[in-house]
1. I'd like the full set of residues that are at pLDDT 85 or above and touching a Leu at 6+ places or on another chain (Cβ under 6 Å), limited to the stretch 261-282.
2. Restricting to the stretch 280-326, give me the number of residues that are assigned to a loop (DSSP other than H, G, I, E, B) and either β-branched (Val, Ile, Thr) or touching a Pro at 6+ places or on another chain (Cβ under 7 Å) (or both).
3. If a residue must be closer than 24 Å to residue 169 by Cα, polar (S, T, N, Q) and surrounded by fewer than 22 Cβ atoms within 10 Å (Cβ to Cβ), how many such residues does the stretch 201-253 contain?
4. Being outside any loop (DSSP other than H, G, I, E, B), charged (D, E, K, R) and within 27 Å of residue 297 (Cα to Cα), is that true of even one residue in the stretch 377-388?
5. Within the stretch 180-188, can one find any residue that is out of contact with any helix residue (DSSP H, G or I) (no Cβ under 7 Å at 6 or more places or on another chain) and outside any loop (DSSP other than H, G, I, E, B)?
6. Taking only pairs six or more apart or across chains, which ones have beta-carbon atoms under 6 Å, a first residue in the stretch 177-192 that is farther than 16 Å from residue 221 by Cα, and a second residue that is among the acidic types (Asp, Glu) and surrounded by 16 or more Cβ atoms within 10 Å (Cβ to Cβ)?
7. Here is a check on your reading of the model: is residue 129 under 30 Å from residue 193 (Cβ atoms) and under 25 Å from the mean Cα position of the chain (by Cα)?
Amino acid sequence: MNASRYLEISLNKKLILLGYLLCLSILSNSAIAAAQYSLSPRTYESLSAIHKLLNKEEYNTALSKLKDLFSLVQGAGQQKNYEQAIVLQTLGYTYSSLENYPKAIQTFKDSLNLKVLPDQVSNSVHYALGQLYIITERYAEAAAFLEDWLRDESIGDSSTDAHVLAANAYYHLKKYTKTISHITAAINHSEDPKEYWYQLSLAARLELKQYPESAKILEILITKFPEKKEYWQQLAGIYLELNQEQRSLAVQGLTTHIKSFKEVDLVRLSDFYRYLNMPYKAGIVLQKGFTNNTIKTSDKNLERLAESWFAAKEWEKAANAFKQAGKLREDGKMELRLGQMFIELQQWKQAELAFKQALKKGGLKDSGQVYISLARVEYEQEQIVPAIEFLKKAKRSPKYHNQADQWLKHLQLVQQQHTEAETEG
């Protein structure tokens, strides 16, 4: 895992972008350049011209003009200090654009040391310094500045990237618990976590020999990137560390057979997840396959999806999948399964409708199971007479005869007691 190269490429662009944004906010004379922090007209005009050069990526020309401007704003007083801080800050971004990181760090620090920058600007400079310290491999300082930046409550959702940077800094410092804390925060805050983030979390957990947690991360990576066999191989090794030989063998066997990750491979992968008692991941694989048209929406595949969601207790998703599968089948098997799901949820009316639809479609191996289920549904709705009638029909099934007969006798006794009580009353 070459983390430093990844960081240098991505952070460079972020620094330049951040520099432009801050220059824009300053030169627009908005909240940052408020009354007590106003720039003199001459300084404002000079910075405006320099900003145009930065937009054109004429960094060397901008640097020369910034140095001249810094000489002009020397002097004592609050306004002079503020102007010096703003020029130093702009110098920092210019140096970073020229990849002169030591100079960028020094000028940023000088701007902070004047202690006149508004909080918003100061926080941004802290963040920029955190990035620069990582690029220059000064990880302890990077972590300190990033932690300082993250403490600001006004940051909100923009903290995700900072958590990733802090995690990288702590990883290089071999502080793996803090690495995990920050990268987990980044993953939890993001709707679409990057593959690299999971890799970093995995690396830190492996260093701490947290094998159960490492297995969970690899399972996520396999779901997201099933074509990458290195994750399969790592997972097989982790299962061995956990003394889960059967799972390890299953992973190794699946890795051998999966080649192209076409429909058959993804279906096999979903079956593997169900074997590992991970039905939610099985559902994710299948749903993703349906969405990108890798997996055909056949009744069998939809049944797999429904059963996966059912086992994962994703009831609404399971119901939708059972209904879709039922539309593609002539028999009532899917309606039967849908009814069973509604029984588990104690949604008796919904279950009743599903079971009756299953009987209407027919084609079932044994209708006795449906009649037994309907009897329970009626009983739960305090409908004894219909329940008895369904049990009489269930008795015709050799498989369910005894069960139906015992329950029928019980309900008939209950019915008789009710009748006698009403007569006496």
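The values are calculated or read from the model by the stated rules, or taken from the named source; none is laboratory data. This is a predicted model, so every value here is computed, not measured. Every residue, glycine among them, receives a Cβ derived from its backbone with ideal geometry; neighbour counts consider all protein chains shown.
1. Across the stretch 261-282, the qualifying residue is only 270.
2. Quick first cut of the stretch 280-326, residues assigned to a loop (DSSP other than H, G, I, E, B) only: 292-298, 312-314.
Still in the list and also either β-branched (Val, Ile, Thr) or touching a Pro at 6+ places or on another chain (Cβ under 7 Å) (or both): 294-295, 297, 312.
Residues in the stretch 280-326 being assigned to a loop (DSSP other than H, G, I, E, B) and either β-branched (Val, Ile, Thr) or touching a Pro at 6+ places or on another chain (Cβ under 7 Å) (or both): 4 in total.
3. Selection size over the stretch 201-253: 1.
4. As a first pass, look at the stretch 377-388 and keep what is outside any loop (DSSP other than H, G, I, E, B): 377-380, 384-388.
From what is left, the residues that are charged (D, E, K, R) are 378, 380.
Narrowing the set further to residues that are within 27 Å of residue 297 (Cα to Cα) leaves none.
Checked against the condition, which is being outside any loop (DSSP other than H, G, I, E, B), charged (D, E, K, R) and within 27 Å of residue 297 (Cα to Cα), the stretch 377-388 yields no hits at all.
5. Narrowing the stretch 180-188 to residues out of contact with any helix residue (DSSP H, G or I) (no Cβ under 7 Å at 6 or more places or on another chain): 181, 188.
Checking the rest, the ones that are also outside any loop (DSSP other than H, G, I, E, B) come to 181, 188.
Within the stretch 180-188 (the criterion being out of contact with any helix residue (DSSP H, G or I) (no Cβ under 7 Å at 6 or more places or on another chain) and outside any loop (DSSP other than H, G, I, E, B)), the answer is yes, since at least one residue qualifies.
6. Between residues of the stretch 177-192 that are farther than 16 Å from residue 221 by Cα and residues that are among the acidic types (Asp, Glu) and surrounded by 16 or more Cβ atoms within 10 Å (Cβ to Cβ), there is no close pair.
7. no
A quick yes/no check of all residues on (1) under 23 Å from the mean Cα position of the chain (by Cα); (2) more than 23 Å from residue 302 (Cα to Cα):
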{"position": "218", "(1), (2)": "yes, yes"}
{"position": "222", "(1), (2)": "yes, no"}
{"position": "225", "(1), (2)": "yes, no"}
{"position": "230", "(1), (2)": "yes, yes"}
{"position": "243", "(1), (2)": "no, yes"}
